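Single-structure report; data block below.
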Amino acid sequence: MTKQSIISFAAAALAVCLMAVASGAEISPGEKAPAFTARAADGSTVALSSLKGKTVVLDWANYGCPFDHMHYSSGNIPRLQQKYTAKGVVWLSVMSSAPGKEGYYTQDELKMQDAKNNNHATYVLMDGDGKIGHLYDAKTTPHIFVIDSNGIVQYNGAIDSMPSTDPQTLANAIPYAANAIDAVIKGKTPNPAFIPPYGCSVKY
């Protein structure tokens, strides 16, 4: 394979990986968040209904995705997790990769990967059958949903304004998800409430 062919192949692979949603989402801001119960990597069972009264962040994750990997390796997502869980926010990382697909791990493997990537979520949910992912129509990794204390989805979309795998872009990115969480904590409506997410497609 020539150098030009390798470059073309890499560009094509990146284009396939990058998936931005151009239209409205199935779960629109203002709608009630669909209920679910899931097993977490630590062995506990998490029910969304038990978290009513708290601000909840759902964050679709895949450590093998170069976009999501950048947010973890740079410390961006771990810092956000620590910042907001310290304020009482429940952060749920959702792993919806199917068995045999990129980003799928057994429970023991997932615990090791969580530690390796410094995941500081309240819980890391195992969703290998994709039930939660399809319930929320999660498109990419990352893809962020912010749910208020009344169980209403207030934000659905991108983590920020820079669809990049380069950590240097973080400094100039508009932190859409963080802004939305700040608004919800204060009892306000995020603006914008929906931004098309970017990243690798969820590997259902």
Problem set entry | Antiparallel DSSP beta bridges within the chain, percent to nearest 5 | 60
For this session: For region 79-132, just run the numbers: alpha carbon Rg, then divide by 2.2 N^0.38 Å, N being how many residues it has.
Result: 1.19
Seminar exercise, completed: The pairs in Lys87/Lys111; Lys54/Lys116; Lys83/Lys203; Lys87/Lys186; Lys87/Lys188; Lys52/Lys186 lying past 20 Å Cα-Cα in this model are Lys87/Lys111; Lys54/Lys116; Lys83/Lys203
For this session: Calculate the radius of gyration of the Cα atoms of region 135-181 to one decimal place, then report Dmax, the largest Cα-Cα distance, as a whole number, both in Å.
Result: 12.0, 37
Exercise. Can you list, bin by bin at 10 Å, the percent of alpha carbon pairs in the chain, starting at 0?
Worked result: 9, 37, 38, 12, 3, 1
Exercise. Which distance in nm do the two modelled labels at Ile174 and Asn191 give, with both placed 7 Å along the Cα-to-Cβ direction?
Worked result: 1.2
Problem set entry | Spin-label model distance (nm) - Ala115 vs Ser74, 7 Å beyond Cα toward Cβ | 2.7
Problem set entry | Over region 21-95 - Rg/Rh using Cα atoms and the Kirkwood inverse-distance radius | 0.98
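For region 106-204, build the convex hull from the C-alpha positions and give me its volume per residue in Å³.
Here the figure is 124 Å³ per residue.
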Exercise. In nm, to one decimal, how far is the modelled label at Asp166 from the one at Tyr204, with both set 7 Å along Cα→Cβ?
Worked result: 3.3
Problem set entry | Relative contact order of the chain, defined on C-alpha pairs under 8 angstrom at six or more residues apart (%) | 30
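If Lys and Arg each add +1 and Asp and Glu each add -1, what is the summed charge of the other residues whose beta carbon sits under 13 Å from the beta carbon of Ser74? Present the calculation step by step, with values, prior to reporting the outcome.
Values: positive: Arg79; negative: Asp68, Asp160, Asp166.
Taking every other residue near Ser74 into account, the sum is -2.
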For this session: Please get the size of the charge dipole for the chain, origin at its Cα centre, with Cβ charges of +1 on Lys and Arg and -1 on Asp and Glu, quoted in debye to the nearest 20.
Result: 300
Problem set entry | Three-way shape call for region 52-166 based on the alpha-carbon gyration tensor, with the a/c threshold at 1.5 | rounded
For this session: Helix by helix through the chain, keep the DSSP H runs that span 30 Å or more along the axis on Cα and average at least 0.0 on Kyte-Doolittle, and give those back in order.
Result: none
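Read the figures in this text as sums done on the coordinates, not as results from a lab. Owing to the predicted nature of the structure, the values given are computational and were not obtained by experimental measurement. Positions of Cβ are backbone-derived with ideal geometry, glycine not excepted, and every protein chain shown enters the neighbour counts.
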